[in-house]
1. Is it the case that THR213 is in contact with a Gly (Cβ under 6 Å, 6 or more places away or on another chain) and modelled with pLDDT of 95 or more?
2. Would you please name the residue that is surrounded by the most Cβ atoms within 10 Å (Cβ to Cβ), looking only at residues in the range 251-265 that are touching a residue at least 40 places away in the same chain (Cβ under 8 Å) and more than 14 Å from the chain's Cα centre (by Cα)?
3. Counting only residues that are surrounded by 24 or more Cβ atoms within 10 Å (Cβ to Cβ) and in a strand (DSSP E or B), how many does the range 218-245 have?
4. Go through the residues of the range 119-130 one by one and say whether even a single one is touching a Leu at 6+ places or on another chain (Cβ under 8 Å), at pLDDT 95 or above and either of a type in the set (Val, Ile, Thr) or on the phi < 0 side of the Ramachandran plot (or both).
5. Do we have PRO185 as more than 18 Å from the chain's Cα centre (by Cα) and at pLDDT 95 or above here?
6. For the range 177-196, how many residues meet the condition of being closer than 24 Å to PRO38 by Cα and in contact with an Asp or Glu (Cβ under 9 Å, 6 or more places away or on another chain)?
7. Can you name the condition, by its number, that TRP173 falls short on among (1) farther than 21 Å from GLY56 by Cβ; (2) buried (at least 20 other Cβ atoms within 10 Å of the Cβ); (3) over 21 Å from the mean Cα position of the chain (by Cα); (4) not β-branched (Val, Ile, Thr)?
8. Among the candidates ASP77, ASP83, which residue alone is buried (at least 20 other Cβ atoms within 10 Å of the Cβ), of a type in the set (Asp, Glu) and closer than 26 Å to GLY20 by Cβ?
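The values are calculated or read from the model by the stated rules, or taken from the named source; none is laboratory data. Every value quoted in this text rests on a predicted model; they were computed, and no experiment measured them. Every residue, glycine among them, receives a Cβ derived from its backbone with ideal geometry; neighbour counts consider all protein chains shown.
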Amino acid sequence: MAFAETDDGVKLYYEETGAGFPMIFVHEFAGDHRSWEPQVRYFARRFRCITYNARGFPPSEVPEDQASYSQARACDDIKAVLDHPGIAQAHVVGLSMGGFATLHFGLTHPGMARSLVVAGCGYGAERDTSAQFREEAEATARGLEENGIEVFAATYSLGPARVQFQAKDPRGWQEFVDMLKEHSPKGSALTMRGVQRDRPSIWDLEVGMRAMTVPTLIVTGDEDEPCLVPNVFMKRTIASAGLVVLPKAGHAVNLEDPDAFNRAVTDFVDLVEANRWGLRDPRATSQSILGER
């Protein structure tokens, strides 16, 4: 088993598969390194694929201090995993909680990101939903502490943006639920408070995103309602961003529609590697409906 150590002394479990230019995958709150199996099996044919478990998700360590969990830590943990085997730059692919960390990584360590795939990112980010999101995050953390991981998994896996996965792929959805039940309730509760509840809004990142030039692909399902408006905001704000919306899809798009997700990422990365993914043409940002006359 391979472990990378963070700057605050937390050991993070990671795996490597394949050879080539590095591609690191950053998992969602309800997932772990295994959530990227459909991507590793596909991309490891061309890339050096790295998956890891965030702090709080065994076999990574579960620090007991709430201060050990934050959005900044989640961002810098990507760097720690890349630093351990001496990787200077990688394509970074993240979903949901991992998508937020990926976005922050592009803002904080742009030189280490050849490209960013920010998927399923946006829950609680809108100004008018942030208070509700924080309240629900705190209630979720308390539920994990009081009722355990199995009760949490039974309800969380049937959320409004999860039922699409269940309907399309019952076997894959059940595997997702079974793996979720193996998570640490303590680590999950600490993560829910420190990383999820207390993270900044995407709107708070506007100045940094307007300055970003790292090639970025934003991916969401069209039935992942909390992510739609934030994803359009990111597309409009990041000059180097493209937006893919998968039809009839929920939150875990990489598992729910792996073929479509892999094709979108492949097309994106191919353009990046060919130096054909540029910044948005300023003429495309005109406020005129019919264009300048």
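1. no
2. The residue in question is GLU256.
3. Residues meeting the conditions: 4.
4. Checked against the condition, which is being touching a Leu at 6+ places or on another chain (Cβ under 8 Å), at pLDDT 95 or above and either of a type in the set (Val, Ile, Thr) or on the phi < 0 side of the Ramachandran plot (or both), the range 119-130 yields at least one hit.
5. Yes.
6. The number of residues fulfilling the criteria is 5.
7. With (1) farther than 21 Å from GLY56 by Cβ; (2) buried (at least 20 other Cβ atoms within 10 Å of the Cβ); (3) over 21 Å from the mean Cα position of the chain (by Cα); (4) not β-branched (Val, Ile, Thr) applied to TRP173, the lone miss is (3).
8. One residue alone meets the criteria, ASP77.
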